[in-house]
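Engineer: Here you go, one structure.
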Amino acid sequence: RIGADEEDTEGVIDHIRDVETVQIAIFVRESVEGKSRANLRSKEGYDVAKLAARFGGGGHEHAAGASLDEPLAAACEKLVAAALHLLEG
């Protein structure tokens with residue numbers, strides 16, 4: 001809606017993860033087709049590759065991603081619920 005493209009969001013996820021109290025960072029953007037793309041980052045002790053795998057994605061222990069065939073709000077709800085479950089152990 002605001003005219004930003006994917007390049008404009010590069011590095012945002014790393015700034016989120018750099019916040020001292022953040023253990024798992026999630027950045028989600030929605031495509032014009034209504035699908036969502038999530039970038040996941042974590043600090044020591046949290047494997048976001050496993051979280052991404054739950055949504056058909058993958059990556060490394062501390063840097064992963066996934067694509068969800070649903071709009072932003074629904075994707076965020078599912079990703080946050082999964083991240084909370086991971087945080088709770």
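Engineer: Of everything in region 23-49, what is surrounded by 13 or more Cβ atoms within 10 Å (Cβ to Cβ) and assigned to a loop (DSSP other than H, G, I, E, B)? Give them in sequence order.
Structural biologist: Passing the criteria: Gln23, Lys35, Lys43, Tyr46, Asp47.
Engineer: Does Arg17 qualify as being out of contact with any Pro (no Cβ under 7 Å at 6 or more places or on another chain), open to solvent by 50 Å² or more (accessible area, probe 1.4 Å) and modelled with pLDDT of 95 or more? Explain how you work it out, then say what you get.
Structural biologist: Values: out of contact with any Pro (no Cβ under 7 Å at 6 or more places or on another chain): yes; open to solvent by 50 Å² or more (accessible area, probe 1.4 Å): yes; modelled with pLDDT of 95 or more: no.
It is false that Arg17 is out of contact with any Pro (no Cβ under 7 Å at 6 or more places or on another chain), open to solvent by 50 Å² or more (accessible area, probe 1.4 Å) and modelled with pLDDT of 95 or more.
Engineer: Let me ask you something else. Mind checking which pairs have a first residue in region 62-87 that is open to solvent by less than 10 Å² (accessible area, probe 1.4 Å) and a second that is charged (D, E, K, R), Cβ under 6 Å, 6 or more apart or different chains?
Structural biologist: Listed by first residue and then by second, the contacts come to Ala82/Arg54.
The values are calculated or read from the model by the stated rules, or taken from the named source; none is laboratory data. Because the structure is a prediction, the values reported are computed rather than measured. All Cβ positions, glycine included, derive from the backbone under ideal geometry; neighbour counts span all protein chains shown. For the accessible areas, the whole protein counts, side chains as well, though only heavy atoms, and no ligand, DNA or RNA atoms are used. Shrake-Rupley method; radii C 1.70, N 1.55, O 1.52, S 1.80 Å.
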